[in-house]
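Visitor: This structure is in structure tokens; I'll ask about it shortly.
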Amino acid sequence: MKAENILEVKNLRVKFPIHGGLFLKKVAEVKAVDGVSLELKRGETLGLVGESGCGKSTIGKAIINILKFSSPDVEIEGEVWLRTDKGEVDLLKLDRGQMREYRGMIQMIFQDPYSSLNSRMSVGQIIEEPMLYHTNKSKAERMEKVAWLMEKVGLQAEQSKRYPHEFSGGQRQRIGIARSLATDPKIIVADEPVSALDVSIQAQVINLLQELQEEFDLSLLFVAHDLSVVEHISSRIAVMYLGNLVEIGNGIDIYHNPIHPYSKALLSAVPLPNPNKVKKERIILKGDVPSPINKPSGCAFRTRCPIAKAECAASIPPLELKKENHFAACPYVSYDTIITESIENKA
Ligand SMILES: Nc1ncnc2c1ncn2[C@@H]1O[C@H](COP(=O)(O)OP(=O)(O)OP(=O)(O)O)[C@@H](O)[C@H]1O
Ligand code: SF4
Ligand SMILES: [Mg+2]
């Protein structure tokens with residue numbers, strides 16, 4: 001592992017088999033993640049964006065290594081290296097028991113604060129629970145930490161006896177954040193933590209995450225389907241399409257000067273002024289994302305790409321360095337390429 005990294009994902013492939021027929025044989029497979037490599041540096045926030053179904057949550061679940069326990073017939077290849085005090089470890093090689101030792105180091109915050117908190121437990125019990133499994137703290141120490149964490153996320157310690165239904169969506173997400181911090185993690189995978197919340201409170205929760213990230217020197221993988229959500233918080237942004245990373249670079253570069261045709265289209269859908277461009281063309285993508293069961297050969301974006309060529313069907317284009325720290329998976333674009341043509345005008 002590189003010295004600055006806390007996590008390295010190498011060539012991750014995740015396939016979910018689909019069974020059918022009388023004998024429930026494997027008839028097809030969902031290529032949810034199709035060869036993804038990414039690095040998370042210590043103390044950075046990496047934004048991971050892409051449309052619904054492109055494999056973002058699957059990457060998150062592979063990182064916390066819960067896929068093979070939640071979907072026993074899943075096929076996983078690749079490596080997920082974590083830097084620990086005792087050295088580097090490939091989490092994907094660990095079984096459930098071995099994983100317990102590291103689970104406290106990586107925590108996940110989920111999208112839906114309504115279903116992700118156990119409604120039968122009090123808020124205090126919800127926040128305390130990870131400490132029961134992953135720390136040796138005494139009851140008194142755990143209670144003290146629950147109160148401290150509640151204050152940290154902007155709730156009152158006296159509210160710990162209440163139940164999740166007594167809180168608003170934004171407050172519930174704060175409870176989820178407090179729970180995720182209970183084991184002093186080094187990495188947090190935040191899987192669309194604000195997309196279920198009212199727009200008016202999204203910024204508060206994002207700001208809270210950013211403050212906590214700085215205070216605790218956390219490394220954050222922040223998943224979203226909208227570039228504007230990750231722009232403020234991410235040092236780097238990775239863009240995903242149908243199981244592959246198509247672009248990765250510094251947040252400011254991806255946001256103001258995306259290179260890959262898909263990232264350009266994603267950005268052009270963001271209704272914000274783009275000061276670095278004289279004229280911002282709106283690229284309208286035709287059709288929906290194809291199913292990962294019938295993923296197009298070669299560059300998976302070719303069925304919607306405004307500049308697709310016959311050659312694009314041949315092989316999956318690798319990420320190429322286009323500018324310092326800025327990679328895009330398309331051989332036909334450079335930093336200066338301007339795509340003005342909408343795919344709908346092409347016909
Ligand atoms: N347990 C599973 N069994 C079968 N298919 C699955 C399973 N989990 C995910 N998939 C499929 O894998 C693909 C990627 O799913 P994933 O949840 O990772 O996408 P996502 O990018 O997080 O989408 P969203 O933005 O909607 O959360 C989808 O086609 C999904 O239907
Ligand atoms: S490789 Fe081809 S289809 Fe893919 S983004 Fe580049 S031009 Fe478009
Ligand atoms: Mg998801």
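We did not get these values from a lab; they are worked out from the coordinates using the rules stated. Worth saying up front: this structure is predicted, and the values here are computed from it rather than measured. Cβ atoms come from the backbone with ideal geometry, glycine included; neighbour counts cover every protein chain shown.
Visitor: If the cut-off is 18 Å between C-alpha atoms, which aspartates and glutamates fall inside it for K31, apart from same-chain ones fewer than 8 positions away?
Guide: E51, D73, E75, E77, E79, D288
Visitor: Contour minus end-to-end for S195 and N294, with contour as 0.36 nm per residue of separation and end-to-end as the Cα-Cα distance? The partial results should precede the final answer.
Guide: Details: separation 99, 0.36 × 99 = 35.64 nm, distance 2.79 nm.
Between S195 and N294, full extension yields 32.8 nm more.
Visitor: Another question, then. Considering every pair of different Cα atoms, what Kirkwood radius, in Å, is found for region 196-272? Display every interim value, and only then the final one.
Guide: Values: mean 1/r = 0.0748 Å⁻¹.
After inverting the mean inverse Cα-Cα distance, the result is 13.4 Å.
Visitor: Then there is this: Can you tell me the alpha carbon radius of gyration of region 57-206 divided by the globular rule-of-thumb value 2.2 N^0.38 Å?
Guide: Working: Rg = 16.0 Å, N = 150, 2.2 N^0.38 = 14.8 Å.
My calculation over the Cα atoms of region 57-206 gives 1.08.
Visitor: Can you list the HN-Hα couplings for region 4-19, worked out from phi with the Karplus curve (6.51, -1.76, 1.60; θ = phi - 60°), rounded to whole Hz and with x for Gly and Pro?
Guide: Each residue of region 4-19 in turn: 7, 8, 9, 9, 9, 9, 10, 6, 6, 10, 10, 10, 9, x, 10, 9 Hz.
Visitor: Given N residues in region 121-217, what is Rg(Cα) / (2.2 N^0.38 Å)?
Guide: 1.03
Visitor: Looking at the calculated P(r) for the chain, what percent of the C-alpha pair distances fall above 38 Å? Let's see the in-between values first.
Guide: On the way: 11622 of 60031 pairs.
Result: 19 percent of Cα pairs exceed 38 Å.
Visitor: When only DSSP loop residues count, what trypsin sites (Lys or Arg not before Pro) in region 57-110 have their Cβ near at most 14 other Cβ atoms within 10 Å?
Guide: Working: sites: K61, K68, R83, K86, K93, R96, R100, R103; in loops: K86.
Passing both the DSSP loop test and the Cβ count: K86.
Visitor: Right, here's the next one. How much length would be gained if the chain were fully extended between D90 and E4, taking 0.36 nm per residue of separation minus their Cα-Cα distance, in nm to one decimal? Mind showing how you got there, number by number?
Guide: On the way: separation 86, 0.36 × 86 = 30.96 nm, distance 1.70 nm.
Fully extending the segment from D90 to E4 adds 29.3 nm.
Visitor: A follow-up question, please. Between P290, G20, V199, whose Cα lies farthest towards the positive end of the dipole of the chain when Lys and Arg beta carbons carry +1 and Asp and Glu beta carbons carry -1, centred on the Cα centre?
Guide: G20
Visitor: So which of K10/K264; K15/K309; K25/K68; K152/K186 end up more than 21 Å apart by C-alpha? Walk me through the intermediate numbers first.
Guide: On the way: K10/K264 26 Å; K15/K309 28 Å; K25/K68 19 Å; K152/K186 17 Å.
Distance filter (> 21 Å) returns K10/K264; K15/K309.
Visitor: Excluding residues on the same chain fewer than 8 positions from K145, give the aspartates and glutamates whose Cα lies under 17 Å from its Cα.
Guide: Of all the aspartates and glutamates, those that pass the test against K145 - Cα under 17 Å, at least 8 places apart if same chain - are E128, E129, E158, D184, E215.
Visitor: Then there is this: For E44, what residues show an amide H to amide H distance below 5 Å, using hydrogens built from the backbone and excluding near sequence neighbours?
Guide: Amide H neighbours of E44: L220.
Visitor: Under a cut-off of 19 Å between alpha-carbon atoms, report the aspartates and glutamates in cross-link reach of K323, not counting same-chain residues fewer than 8 places apart.
Guide: E39, E247, D253, D336
Visitor: Of all alpha-carbon pairs in region 55-126, indicate the percentage at a distance above 20 angstrom. The partial results should precede the final answer.
Guide: Values: 1007 of 2556 pairs.
Result for the distance tail: 39 percent.
Visitor: Hey, if you put +1 on the Cβ of every Lys and Arg and -1 on every Asp and Glu Cβ in the chain, which of I316, V223, G104 ends up farthest toward the positive end of that dipole?
Guide: In the chain, that residue is I316.
Visitor: While we're here: Go ahead and estimate [θ] at 222 nm for the chain from helices alone: -39,500 (n - 2.57) per DSSP H run with n ≥ 4, summed, over the residue count, rounded to 500. Numbers along the way, then the final one.
Guide: Numbers: 11 runs with 99 residues, N = 347.
Per the formula, -8000 deg cm²/dmol.
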